[in-house]
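Everything below concerns the one structure shown next.
The values are calculated or read from the model by the stated rules, or taken from the named source; none is laboratory data. Please read these numbers as outputs of a predicted model, since none were measured by experiment. With ideal geometry, Cβ positions are generated from the backbone for all residues, glycine too; neighbour counts draw on all protein chains shown.
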Amino acid sequence: MRNEEIIETRQKYLYYNKKAMYKEPIQLVKAKGTKVWDNEGNEYLDAIGGIVCNSAGHNHPRIIKKIKEMLDSDAIQHTTYLYLSEHMATLAKKISEQAPGSKLTRCYITNSGSEANEMAIMSARVATGHQTVIALRHGYHGGTNVAQGLCGHSIWKQNSQPQVNIVHAVEPNCYRCPFGQKRDSCDLECAKEIKNVIETATCGKIAAMIVEPILGVGGFIDPPFEYHRQIAKTVRSYGGKYVSDEVQTGVGRTGKHFFAIEDSDVEPDIISMAKGIGNGAAVGAIVARDEIAKAMEGKAHFNTFGGDPYQAMQAAETIDIILEEQLIQNSAKMGDYLKQGLKDLQKDFTLIGDVRGRGLLVGMELVTNLETKEYATQEAANLIEYAKHEGLLIGKGGLYGNVIRLAPSMAITKKECDDLLIKLRKSFEKL
Ligand SMILES: Cc1ncc(COP(=O)(O)O)c(C=O)c1O
């Protein structure tokens, strides 16, 4: 189908809020590694990895081989957990093996990150007998009902919001500290605030707190490691479970551990994941402590597609690829290289107020004034258009859409990072 035809058909038959990106939307039809191609043969460097999904690289040969083998052997496409399937069991084992410590052993496989978070919150509520969940302003946890309630962004919360039994705490944003402090000299007031929130906005007992180690959609807000250590302690002292939402930060993208929360030396009670765990396949999961999973015993809960053979196989294979091809180590190396490149750009372009992130989850906050830090929302939108013309796909985030987000495949090479930086520099020059 031609682009015009697709646009026309979308306008007629899709929901009005399904808007394509770019003034002239593109139709991506082919992909390999870090590269994607549109229907006119134009090549792009995919520096946002779908949307932070592409961990092992598009169309990894090992995954293609496995899919072909399954198709050629008439492998069953759909079967639920009511029947035995090696793929769901294998995936659960592999996820448990990568979870920090020895206590996170029990998995529930889902279709998406939103559904994983629904399951995480339901499990925490059942296990504790409490209802209230603390989430962070500027956090993002998905598009289903409870997940939207957990979000800390007005644009992602529709008319059904706010929800009862969800309370938001201030964001740990060091570039725009809500307490007017500086990262290196603060007393982690944002972490201490959690105690106030629990004591004043809840009944004093909570089910959970859900936190992204780095707030992805929020604009790669990356608090100090100590922040997570302190809030985990506080949450537990009020009876709550600590849920680490690793939908964006998981699978080693941050360059040190398979789950980013380990950087803070915290063993959460539940970890939710999706996106990169399937390398693009529609799969999510939670891994929880045994006693939490045990609390759900006998409570009927069904999802038709969670753990389907093809999806579960792709996720299990992705984990193996990440470990065997040392993609966590590559994320650390290439992430440092990319970040340094962005810091060099910052010296030449005063629009770049902040460069932050870990591993291959790096962002630049654009501001029109370095002192007053006015949000450069339009400039970020324009930069994304210019980057497209340079053959570079990048993302944006932040409450005001002024944070440029980079999350390429964890297998990106130094040469590709150089190419990315050159394209980005040219885009800034045009801007
Ligand atoms: C941190 C985080 N949690 C949850 C979700 C929801 O995942 P999904 O879109 O697969 O439902 C997202 C999606 O962007 C996310 O970034």
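Which residues, taken from the range 232-263, are away from the ligand (no atom under 12 Å from the Cβ), more than 17 Å from I328 (Cα to Cα) and in contact with a Pro (Cβ under 6 Å, 6 or more places away or on another chain)?
Across the range 232-263, the qualifying residue is only Y242.
Here are some conditions: (1) within 11 Å of the ligand (Cβ to nearest atom); (2) assigned to a loop (DSSP other than H, G, I, E, B); (3) among the polar types (S, T, N, Q). N303 meets all but one. Which one does it not meet?
N303 satisfies every listed condition except (1).
Does the range 210-220 include one or more residues that are in a helix (DSSP H, G or I) and in the same structural domain as I286 (by TED's automatic domain parsing)?
No: the range 210-220 contains no residue that is in a helix (DSSP H, G or I) and in the same structural domain as I286 (by TED's automatic domain parsing).
So K157 clears everything in (1) touching a Cys at 6+ places or on another chain (Cβ under 8 Å); (2) more than 15 Å from the ligand (Cβ to nearest atom); (3) free of Cβ contacts under 8 Å to residues at least 24 places away in the same chain except one condition, right? Which one?
Answer for K157: the failing condition is (2).
In the range 264-288, what count of residues is obtained for those that are more than 20 Å from H141 (Cβ to Cβ), more than 16 Å from the ligand (Cβ to nearest atom) and out of contact with any Gly (no Cβ under 8 Å at 6 or more places or on another chain)?
Number of matching residues: 1.
Give just the number: which of (1) surrounded by 20 or more Cβ atoms within 10 Å (Cβ to Cβ); (2) more than 16 Å from I134 (Cβ to Cβ) does I194 not satisfy?
(2)
Which condition number in (1) surrounded by fewer than 18 Cβ atoms within 10 Å (Cβ to Cβ); (2) touching a residue at least 60 places away in the same chain (Cβ under 8 Å); (3) not hydrophobic (A, V, I, L, M, F, W, C) is the one that G57 fails?
(1)
Among the residues of the range 193-217, how many are away from the ligand (no atom under 16 Å from the Cβ) and farther than 13 Å from G239 by Cα?
Looking only at that region, the number is 6.
So which residues in the range 48-97 are at pLDDT below 95, part of a helix (DSSP H, G or I) and either in contact with a Phe, Trp or Tyr (Cβ under 7 Å, 6 or more places away or on another chain) or of a type in the set (A, V, I, L, M, F, W, C) (or both), if there are any at all?
I51
Tell me the strands (runs of 3 or more DSSP E) entirely within the range 347-431 that contain at least 3 residues that are at negative phi and of a type outside the set (D, E, K, R).
352-358, 361-366, 403-406
Conditions: (1) part of a loop (DSSP other than H, G, I, E, B); (2) touching a strand residue (DSSP E or B) at 6+ places or on another chain (Cβ under 9 Å). L45 meets all but one. Number of the miss?
Evaluating L45 over (1) part of a loop (DSSP other than H, G, I, E, B); (2) touching a strand residue (DSSP E or B) at 6+ places or on another chain (Cβ under 9 Å) leaves (1) as the failure.
Test of understanding: among P268, P224, which residue is at pLDDT 95 or above, farther than 29 Å from Y108 by Cα and in the same structural domain as G149 (by TED's automatic domain parsing)?
P224
Residue-by-condition table, conditions (1) within 16 Å of the ligand (Cβ to nearest atom); (2) of a type outside the set (S, T, N, Q); (3) touching a residue at least 24 places away in the same chain (Cβ under 8 Å); (4) touching a Gly at 6+ places or on another chain (Cβ under 9 Å):
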residue: R176; (1), (2), (3), (4): no, yes, yes, no
residue: Q181; (1), (2), (3), (4): no, no, no, no
residue: D184; (1), (2), (3), (4): no, yes, no, no
residue: A191; (1), (2), (3), (4): no, yes, yes, no
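For the range 110-141, give me the residue count where each residue is within 15 Å of the ligand (Cβ to nearest atom), touching a residue at least 40 places away in the same chain (Cβ under 8 Å), under 26 Å from P223 (Cα atoms) and not in a helix (DSSP H, G or I).
8
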